[in-house]
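Chemist: Got a structure for you, written out below as structure tokens; questions coming shortly.
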Amino acid sequence: MRHAKAEPYAATDEERELTAQGEADAVAAGEWLAEQGIEVDHALVSGAARARGTWASVAEGADLAIEPEFDRSLYAAGPETALDLLRLTKESVRCLLVIGHNPTMAHLAQMLDDGDGNAEAIDAMATGFPAAALSVFAVDGPWAELEIAAARLTAFHVSRD
């Protein structure tokens, strides 16, 4: 997931907070996850304020009571590094939510897509990856062995309140 809409300025880029629209969109994304029956059991979240705020709002919308893993390295990670971070996920995790930044999240989603998933979702994801966009993938095998083009895109959603 790409973080929701953030304020354009702050003392530092990492300190940019969500706008009211961003908070509403992230809550709606959480509600959508719950409606789809997607049961997140772990979250890997960039340490930037806007990603942390997105997590808080998604968790509220989905009624998630899990402790996220905030990782400052995800803030500046490129797609290959982000993939490496996914590979560090514990094997016990069945559904991982990753909240980061563009262009990394869009590139990572494109890299993971095996092209055999939901055609409508693939087309929608190809048209852009705006704020509060999320891609849902099915992954076979352990996280440690996750490879490029080894995940099936099952859904793509963009929340707009």
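No value in this document is a laboratory result; all are computed from the given coordinates. Computed from a predicted model, the values in this text were never measured in an experiment. Here Cβ is always computed from backbone atoms with ideal geometry, including for glycine, and neighbour counts include all displayed protein chains.
Chemist: With θ set to phi - 60° and the Karplus curve 6.51 cos²θ - 1.76 cosθ + 1.60, what are the ³J(HN,Hα) couplings of region 47-54 in order, to the nearest whole Hz, using x for Gly and Pro?
Modeler: x, 5, 4, 5, 6, 4, x, 4
Chemist: Sequence-distant or interchain residues sharing an amide H contact under 5 Å with GLU69, placed H: which?
Modeler: For GLU69, the qualifying residues are ALA43, LEU44, VAL45.
Chemist: Rg and Dmax of the chain over Cα atoms: what are they, in angstrom?
Modeler: 14.4, 43
Chemist: Using alpha carbons only, how many angstrom separate the centre of region 126-153 from the centre of region 12-52?
Modeler: 17 Å
Chemist: Ignoring the sites themselves, what is the longest stretch of the chain with no GluC sites (Glu not before Pro) in a DSSP loop and at most 13 other beta-carbon atoms within 10 Å? Walk me through the numbers before you get to the answer.
Modeler: Working: sites that count: GLU39, GLU91, GLU147.
Free of exposed loop sites, the longest segment is 92-146.
Chemist: Non-local amide H neighbours of ALA155 (under 5 Å, H modeled in plane, Pro and chain starts lacking H): which ones?
Modeler: Close amide H contacts, sequence-distant or interchain: VAL136.
Chemist: Shifting gears a bit: Exposed loop trypsin sites (Lys or Arg not before Pro) only (DSSP loop, at most 15 other Cβ atoms within 10 Å): please give the longest stretch of the chain free of them, not including the sites. Numbers along the way, then the final one.
Modeler: Values: sites that count: ARG72, LYS90, ARG94, ARG160.
It runs 1-71.
Chemist: Considering only ILE122, ILE148, ILE66, give the residue with the highest GNM mean-square fluctuation for the chain, with springs between Cα atoms whenever their separation is below 10 Å.
Modeler: Between ILE122, ILE148, ILE66, it is ILE66 that shows the largest mean-square fluctuation.
Chemist: Residues with beta-carbon under 9 Å from that of THR54, excluding THR54: net charge, scoring Lys, Arg +1 and Asp, Glu -1? Spell out each step's value before the answer.
Modeler: Working: positive: ARG2, ARG50, ARG52; negative: GLU23, ASP25.
Taking every other residue near THR54 into account, the sum is +1.
Chemist: May I pose another question? Amide H neighbours of LEU18 under 5 Å, at least 5 residues apart or on other chains, H built in the peptide plane: list them.
Modeler: GLU7
Chemist: Also: Using θ = phi - 60° and the Karplus form 6.51 cos²θ - 1.76 cosθ + 1.60, what ³J(HN,Hα) does each residue of region 129-139 get, whole Hz, x for Gly and Pro?
Modeler: 9, x, 3, 6, 7, 9, 10, 10, 10, 9, 10
Chemist: Going through region 1-78, which chymotrypsin sites (Phe, Trp or Tyr not before Pro) have at most 13 other Cβ atoms within 10 Å and a DSSP loop state? Working shown, then result.
Modeler: On the way: sites: TYR9, TRP32, TRP55, PHE70, TYR75; in loops: TYR9.
Hits after loop and neighbour filter: TYR9.
Chemist: Return a whole-number percent for the relative contact order of the chain, with Cα pairs under 8 Å and 6 or more residues apart as the contact set.
Modeler: Details: 321 pairs, mean separation 45.2, N = 161.
With pairs under 8 Å counted, the relative contact order is 28 percent.
Chemist: I need the phi-derived Karplus couplings for region 98-115: 6.51 cos²θ - 1.76 cosθ + 1.60, θ = phi - 60°, integer Hz, Gly and Pro marked x.
Modeler: These are the phi-based 3J(HN,Hα) values: 10, 10, x, 10, 8, x, 4, 5, 5, 5, 4, 4, 5, 5, 6, 4, 8, x Hz.
Chemist: Now a separate question. Could you give the dipole magnitude of region 13-158 about its Cα centre, charging the beta-carbon of Lys and Arg +1 and that of Asp and Glu -1, in debye to the nearest 20? Kindly include the intermediate steps, with their values, before the conclusion.
Modeler: Values: 8 positive and 26 negative charges, 42 e Å.
Charge dipole of region 13-158: 200 debye, to the nearest 20.
Chemist: Given axes a ≥ b ≥ c from the Cα gyration tensor, I'd like to know whether region 114-157 is rounded (a/c under 1.5), prolate (a/b larger than b/c) or oblate.
Modeler: Working: a/c = 2.41, a/b = 1.73, b/c = 1.40.
It is prolate, given that a/c is not under 1.5 and a/b is the larger ratio.
Chemist: OK, next. Please compute the net charge surrounding ALA149, taking Lys and Arg as +1 and Asp and Glu as -1 over other residues with Cβ under 9 Å from its Cβ.
Modeler: -3
Chemist: Suppose only helical runs count, i.e. DSSP H with n ≥ 4. What mean residue ellipticity at 222 nm does that imply for the chain under -39500 (n - 2.57) per run, divided by all residues and rounded to the nearest 500 deg cm²/dmol?
Modeler: On the way: 6 runs with 60 residues, N = 161.
Result for the chain, helices only: -11000 deg cm²/dmol.
Chemist: Next up: I want the local charge near ALA77. Using Cβ-Cβ distances under 9 Å, sum +1 for each Lys or Arg and -1 for each Asp or Glu among the other residues. Present the calculation step by step, with values, prior to reporting the outcome.
Modeler: Details: positive: none; negative: ASP71, GLU80, ASP84.
With Lys, Arg at +1 and Asp, Glu at -1, the neighbours total -3.
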